[in-house]
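Here is the structure we will look at.
Readers should treat all values here as calculations from the given coordinates under stated rules, not as data from a laboratory. This structure is a prediction, so every number in the text was calculated from the model and none was measured.
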Amino acid sequence: MKNMHALVRKMPNIVLDGPKLTKDQKRAIVESFTQAASEITKIPKEAFVVTIKENELDNIGVGGKLLSERGH
């Protein structure tokens, strides 16, 4: 496990902070982000790590108000 952490630190990491997503949406994001980053950087797709951080609207504030309490 220690070697895996060292390996991950050397890999390009793409992070998406966003809303709750379905598994199909996550799969599509991971595939498309990885493909695009690999094409642009010329780094093999296998090197990329994609992390999706899902956020509840109660945990995000904009303009002094929680997103869950803002009108759409």
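A few notes on this one:
- Folded to 0 to 90 degrees: helix 23-41 orientation relative to the chain principal axis, Cα: 50
- Under the criterion of Cα pairs below 8 Å and six or more residues apart, the relative contact order for the chain equals 37 percent.
- Under 5 Å, built H, 5+ apart or other chain: amide partners of ILE14: VAL49, VAL50, THR51
- Counting lysine pairs in the chain whose alpha carbons fall under 15 angstrom apart, excluding pairs fewer than 8 residues apart on the same chain, gives 5.
- Counted residue by residue at 0.36 nm each, then reduced by the alpha carbon distance between them, the extension gain from ALA36 to ASN13 reaches 7.0 nm.
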